[in-house]
Every structure is written in C-alpha cells, then in structure tokens.
1. Before I look further, what does chain B give for accessible area per residue, probe 1.4 Å, in whole square angstrom?
2. With +1 on the Cβ of every Lys and Arg and -1 on the Cβ of every Asp and Glu, and nothing else charged, how large is the dipole of the protein assembly as shown about its Cα centre, in debye rounded to the nearest 20?
3. For n ≥ 4 DSSP H runs only, could you compute -39500 (n - 2.57) per run for chain A, divide by its residues and tell me the 222 nm figure to the nearest 500?
4. Please determine, in degrees from 0 to 90 and to the nearest 10, the orientation of helix B:194-206 with respect to the longest principal axis defined by the Cα atoms of chain B, where the helix direction is its Cα long axis.
5. Give me a single rounded figure for B:281-290: the average over its residues of other chain Cβ atoms within 10 Å of their Cβ.
6. Quick one: helix B:83-95 against the long Cα principal axis of chain B, what's the angle to the nearest 10°, folded into 0 to 90?
7. What list of ³J(HN,Hα) values in whole Hz, one per residue of segment B:4-11 in order, does the Karplus curve 6.51 cos²θ - 1.76 cosθ + 1.60 (θ = phi - 60°) give from phi, with Gly and Pro shown as x?
8. Classify segment B:1-109 as rounded, prolate or oblate, taking a ≥ b ≥ c as the square roots of the eigenvalues of its Cα gyration tensor: rounded when a/c is under 1.5, otherwise prolate if a/b is larger than b/c and oblate if not.
Number of protein chains: 2
Amino acid sequence: MFPKALDYESLNENVKKAQYAVRGELYLRASELQKEGKKIIFTNVGNPHALGQKPLTFPRQVVALCQAPFLLDDPNVGLLFPADAIARAKHYLTLNTGGLGAYSDSRGIPGIRKEVAEFIEKRDGYPSDPELIFLTDGASKGVMQILNIIIRGEGDGVLVPVPQYPLYSAAISLFGGSLVPYFLEETANWGLDINNLRHSVAEARSKGITVRAMVIINPGNPTGQCLSVANLREILKFCYQENLALLGDEVYQQNIYQDERPFISAKKVLMDMGPPISKELHLVSFHTVSKGYWGECGQRGGYFEMTNIPPKTVDEIYKVASISLSPNVPAQIFMGMMVNPPKPGDISYDHFVRESKGIIESLRRRARIMTDGFNSCRNVVCNFTEGAMYSFPQIRLPPRAIEAAKRAGKVPDVLYCLKLLEATGISTVPGSGFGQKEGVFHLRTTILPAEEDMPGIMASFKKFNDEFMEQYEDYRGYSRM
Amino acid sequence: MFPKALDYESLNENVKKAQYAVRGELYLRASELQKEGKKIIFTNVGNPHALGQKPLTFPRQVVALCQAPFLLDDPNVGLLFPADAIARAKHYLTLNTGGLGAYSDSRGIPGIRKEVAEFIEKRDGYPSDPELIFLTDGASKGVMQILNIIIRGEGDGVLVPVPQYPLYSAAISLFGGSLVPYFLEETANWGLDINNLRHSVAEARSKGITVRAMVIINPGNPTGQCLSVANLREILKFCYQENLALLGDEVYQQNIYQDERPFISAKKVLMDMGPPISKELHLVSFHTVSKGYWGECGQRGGYFEMTNIPPKTVDEIYKVASISLSPNVPAQIFMGMMVNPPKPGDISYDHFVRESKGIIESLRRRARIMTDGFNSCRNVVCNFTEGAMYSFPQIRLPPRAIEAAKRAGKVPDVLYCLKLLEATGISTVPGSGFGQKEGVFHLRTTILPAEEDMPGIMASFKKFNDEFMEQYEDYRGYSRM
Ligand SMILES: Cc1ncc(COP(=O)(O)O)c(C=O)c1O
Ligand SMILES: Cc1ncc(COP(=O)(O)O)c(C=O)c1O
C-alpha cells in the first residue's frame, strides 16, 4: 500500500527539515515531568506572565472595556474603571467599525498604524508612514511573511546570526531557503565582526547561493548583546554594498540593562547616514507586545515597518496578509497602547509608570544575579545580559561528559540540560538549538523567574552543575556514569 | 543595477501568483470611495459585526474579566458582571498559567481542547481526542498549516470546489502546489456530482499531477449549499478509493436556513460508515469563532480536528505550530465558550439563547429576502442560501456588456460589480474571484446587512441591475456605453 497524503513519508520535506528547539525535546520532557507532578521552572521561552509577571493595569482595563462595550453605558462603570481607560476604550472602538469582533483591514487598523508611526517618528526623529506599517499576530508572523516573500528556493540565502533565535532557522527551512550563518564573537561580548560577515557571504556564494537578506537581532536573543551605533553603521553599509535587505528584529528594544549602549534602531542609524543609502537600502523592522515591560505574549500582537520597500512589493505583502484576513484586533489595541501609553497628567499615568519601571528595574537586577550566579559555577562562563531576557552561559563540558553523551546518542548539551531538568526542574534550552561553534556548549535560560526565587534557583543550578562537573572530571566517578 | 531582494522582480513567484479577490480590486475601490465620503455597504467579506451584529453578551463578559483579572478581587464586580460569567472567567484563568498574557501550548490550552473534544463527541456521538485538536488563529491559519504540510511542489494537486472560498486557491499558490478544480452544479442547487470529481482527478493525473487531498466547504461559501449525508458518503468513499486526504471546512455549521438538510459533520458520516474506511481515511475538519451566531471574526479563533492522522504527522504539525509560538489566548477562550455555552439553569442562559436565536432567525429571513430579491431582477437567477452567509446570484450579462468589458480590459463580472459599487455603494465580489464556468458570471454578496436595511438594499440593487440590463440589451443604448 503506498503512503497516504498525511503519512509522514509523504509530507513536505521542508516541514520535516525545520527545527524548533525552544519547544523541542527539553520542553516536551519538562511537560511530561510536570504532568507527573514535578515542579518545573519554565525558563525555556521568554514568557514573563507564565512566571508570575503581572500585566500592566491600564492597557488591560482598556481592552476589557473594548471587549465589553456594553459596560460603557453602565452607570456603575466608573466604580471599576478610571476615566482615562474609559475614554481610551471609546477611542479605540471608533477606529474599527464593528469593534473587536470585526476583521480589520488586513494590514491592521489604520488609526493604530498611525499611532505606531507617531511613536517611531518620536523615537527616531525621522518621518514614518502608517501605510508602510503592518500590524501582525506577534512579530513571528511578520518575520515569516517577509521571509516567505523573499525566499524563492534553495538557492536563496539569508544571513542569520549564530547563535540565533530559532524562528529564523525554522522559517528559512519551512520556505525552502538556505540559512547562511555568521558567528557572533563570544569573547567580544557577543559582538558582530564585519569580517565574519564577509567570510560567510563569500563562502555561501562559492556554493552558488544568492545571499538576499540579513537578519540582526538587537538586543540579541539568546546572547543579550546590544549593538553599538558604529556596529550598526558597518552592518548597514555592508548590506548596501552587498545588495542585501536588512531584517531588524528589535523586539527587545525596551529591555536594556546597561547605560553604555542604549537601544538605537536600525532605521535611525540608516537615516542618520543620509543618501544614497538612506533612500535605497531595503529595511524591515519588527516589534511586538510580547516583550519589554508588557510581556503580553498570549495576545499575539506585533508590527513591522518597511523602509525603502517598493510600492509594488508592499502590495504583494498586503495581498499575502489578506489571505488570513486580519491580525487579531485585541492585540492591535495593545499595540496602540504600547506605542501611546498614558501621558503625564493622565489619571493612570503614575500607576503605569510605577508598574513598568518596577518590572524593568527588577529585570535589570535579575540579569545581574543570573550572570554572577553562572560565573560562580565550575566550568561555566557567562557574558552579562546587556538587554533582552536571556542568559547564555557557556558550559565547558569535560571530555568524559561528551563521550558519555555520544554513547547515549545525545548532543552533549542536550544531555546536560536533560540532567539539569531531572535534578532541579529548571527547564532550559540547549545551546545547540540556537547554533554554536563546533565543540563549544551552552544553555539558554530566561532571566524571568521571580526576583525572590532567583537566589534559590541559582543555588540549585550551582549544586547540580558543580556535582556534574565533579562527576565527569573525577576519574573515580567514571563507573558511576 | 540588478534588482534588490525586495524589488518586485525578485520576489518569490508563488507569492506573486496567489490571488485573493475578497480583498481585491473591488475592495480597494470601495475603500477609496469610502475615504472620499461615499457610504459603502461592505458585503464583500463575511464580517457580521462590521455590519452591526452585536456580540453575544456572556462570552464578552467572560473575556473582559479574563483580560482584567484584578476585577475579580473588586467588591463591586458583581454590579457589572453576573456570577456565572465571573465563575467562568476564574475557570479559564486557571487553565493557562499566566492568563491571557502568556503564550499557551502551541496547540492551544489543553483544558480548552478538552472542551472542544467534548463538544465534538456530543455533536457526532463518537469519541474525540483533545490531543488531535489544535487551536488556531482563525480557521484560515489551520487550513494554511495543513496545506503547507501536504504540498511538496507543483506536482501535488488539491481538489477544490469551483466556486470556492479563495483562501484555498491563494494558499495552494503560495505553497507552490496545483489546484485541481471540480465544478459544483448550479442547476442542481450547487450539488456535488461524483462524476465531476472523477473527471477532474483523471484530467489532473493525465497532466502528471499527484492528487493528494480534497477540500469540501459545507455549508458552502460562496454557494450556500448544504451537503446531504448521501453526498458526504460518496465523497468519503471517493477519497478513500483515490487515496486522498479530506479537508472538511465546516466553519458555517451553525449557519443553516432550511430544515431538510441539517448540518452533519464529515467526521460523523465517516464514523457511521465503519471500518475499514472509518479507521483509515485521513480527515481534517475546521471550525471557527468567526461565523455562526458568534461572528467574532476580529478575535481570530479556530480549531481543527484530525482523524486517522498518524502520530508522527501530528508531531510535525505541532512543530510547525510552535514556530509562531501559540495561537492568541483570548480567542481560545472564545472557542471554549462557543463549544461550551451557558446551560439551562445558568444565570445567563436565557439571555444567551435569546441573543443567539435572534441572530440565526434573522439571518434566515435575510437569506430569503435576498434570494427573492435577486430572482426578481432582470437576467438574474439565484439559488436559495441553504446555509453559510452568502448569496451567489448568476448574472446573465448581455453579449454587448461582455464586449464592453473586453474593450475596457476588465473581466465582465468585475466591470458589473464596479458599476454596481459606484452606483449604489454595495461592495460585492465578482464571481471570477471564486471560479465559475467559462462564459457564466456571478457576484457574491453576504446576507449580513441589517434586516431593516435589506429591502432598501435589494431595491437599489434591482434599480441598478435592471437599468444596466436595459442599457446593454437595448440597441439604441449602444452609443451610451
Ligand atoms: C528575537 C525574537 N524575535 C521574535 C520573537 C517573537 O515574538 P512574538 O511572536 O511573540 O512577537 C521572539 C520571541 O521570543 C524573539 O525572541
Ligand atoms: C469557507 C471559509 N473557510 C474559512 C474561513 C476563514 O475564517 P476565519 O479565519 O475567520 O476562521 C472563511 C471566512 O470567511 C470561510 O468563508
């Protein structure tokens, strides 16, 4: 009997090739253990609310009112909602005929795209056009739309940092393209060296690959590094010279934990460079409501802004967006509030600032606790988390641990992370899921567990790690493996 | 200078080939006219709330509370929300750690998939497994995920009804597959004739295409027809014999406007047929919160259920779903309530029933008004809308109207619909966007305008149509074209 359409043998090979480690073997095992009753600390995904971060009050009030517009006519509404939330809900309800239950324009509600454009203008000091901003169901969907439109087949390459967030490798596989890796320098605080880039492009070309675009993640996931202006200029110039579109993943722009390198957008640096590059380079920049002090991952809201993209291409992207009708409307409203939060003088302003500052300052302290914790462990070295939500320590596995993994048919860092999970309940992602240099091993964890739990988690990690290292470095332990 | 990555010339050809008429030329022109201040009646998309349908109160109360969980601790909450909505909100908040702001499992929240499985079990009288149900951002996303995993390239064909909802043609183009059309019989109330199917498969095979799957839309969009049990059995048998997976688009299962053919799911008919087919045929069934009496299009909630799909394939679909992390959580909660609405005895039950019955009964009357209205027009014939949300009248264009369209470089029904739009503000979709037999023309409109507006809209349509026909049939009118 020959295979049926949905038998594994006959599935689309590009689907099978795609890898997505963040929800891979480690995550599945963690879910199993949880079902068996074990307490799991899920640090595998940047999912702040799942680890206890409270949502910001004002935006939740506004969206609740938009979901239940009949409350606006209730004389008691003022007992539960402040006047500025009520006013803002009314504002958003006028922007989409039919409210939250109606498909919006496939690019997102025009009035909210205008709010996004104003935010970008204020942030960068350069004009932004709402017609070149599309709202999406999370940044992930935007990234996938753009990669889909670029990739024509195996011969098309996209430069992706290593280590990288696996959305990129997975989507490139799914669309049948070729990932062209460029290595970030761990010893230079995960900096980007233009010579590595040149080398990667030359190597890809020698294999017949047309390199068409480059991805940067700034601040970096999993590395946490923040790109300097000088570095961004080099990257933009490189893309211009090599005729590459630049995809700027800037979802962590609010997550900055040092003062030397504040976030600066690729768009601003590009505009600062002036013509011809500022008028010609194809740039698409991505943002989300999932990160920052919002952490509204479950709402699935994002946007991308297109710079110098030809109108006919914008039309094609619009058409593709139309096939799935519209991004979800509630998250569009979250996006509106993210780019246009309460202002000084508004009733909710002080509370909003207190909440959002509290979150960012605590993340900054947690980044420090985590880095210091890792660096106090045997055979572990870790760069400071300058931004984003992750720590990416290098784990120097003893040769005998590597051999043991080989015997078990596992990638060495997968084995380490599985043992960590079983021993401590800490669910991480092995470095191999993000890419790393041959023979070097990492794990990724988020800095999101509650601040008060951090010391305990790091102590439990240290105990596991140091015993693991002892066991595999200690000759007498050999038989115990 | 050679083209850049995002220049139109260098985009993915599959993207360029995809067509999506529902938001095509007519929609764009309607949006322009609206900007210029003209009153537009948007009947191009099945978007009930945009045309004034009110959301059901109970689910909106529950989701509002889930968005603002701090209200649950407010002593005044009972002034604005009934106790059963409060209890239900608490229930859903326990199902996803971190609430609406946290990514859920990529397949959707397990507790809600369980509610869906129970709904299906009750509906069909056969077991349903929550592990084989995935929640999605609208049915559209589910359909795209499944087509993506099936289609390996141009040589893979998918049987799609003509006329069809253009999600299917667009997605098949996007994934680089081949659409294999089968014609529905307008003169037989848009019924499906198995001989047409056989003919289509044979023709595709003679061109070297491997036909891998078949799509049915039941109730039909744009045709409104409801498949009989006998017809469904024939289809299932055909798919089994021909080794095809069946994709059952059942998003309109609650939208039924006649009593002869109530909705019956492909899954139930399959199970009724017994082994071997009931244990072997690959079936995926789709549903949504966008339709029925819910009409919650903007929330983007859907599910698909897989029957007889091998576990390794389910794993692959899970992996692909993981790449975009999770479907939006608020819409998952809408889905939970759709499959598990208030029960007799619940505080909100009577009100919920009144609201939902009111909507369906009004739609039934509107279906009748519209069909009768079209059939009273010169050169227009229209089958009754048995189900779904659309009317799909055939417009018998006079030869001279067809010639005039050719001179204007337009497809004839596009010209007709554009003129209708300019004259009346009624925004429809030309039949060519859904597929139709050579030389036969239609338009699609929804039955969604408010019931009290219906007579006026149909009168304005009749006036336009009859004048149009007069002009193009009347010899003396020739020079006026
Ligand atoms: C670098 C990066 N880009 C994009 C995303 C996607 O986020 P979302 O789809 O929730 O907006 C993530 C999520 O973790 C991320 O880390
Ligand atoms: C036949 C059919 N399938 C699927 C959909 C998609 O609906 P949604 O993505 O909103 O669930 C529609 C929407 O109109 C439809 O008509």
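The values are calculated or read from the model by the stated rules, or taken from the named source; none is laboratory data. Everything numeric here is computed off the predicted structure, so don't read it as measured data. FYI the Cβ positions are ideal-geometry reconstructions off the backbone, even for glycines, and counts take in every protein chain you see. Remember, those area values only see protein heavy atoms, side chains included, never the ligands or the DNA or RNA. Shrake-Rupley method; radii C 1.70, N 1.55, O 1.52, S 1.80 Å.
1. Details: 17150 Å² over 481 residues.
About 36 Å² of surface per residue is accessible.
2. 580 debye
3. Working: 18 runs with 212 residues, N = 481.
So the helix-based figure for chain A works out to -13500 deg cm²/dmol.
4. Roughly 80 degrees, rounded to the nearest 10.
5. Taking the mean over all residues of the peptide, I get 1.
6. Once rounded, one gets 80 degrees.
7. Result, rounded to whole Hz: 8, 4, 9, 6, 3, 4, 9, 7.
8. Oblate shape, in that a/c is at least 1.5 and b/c is the bigger or equal ratio.
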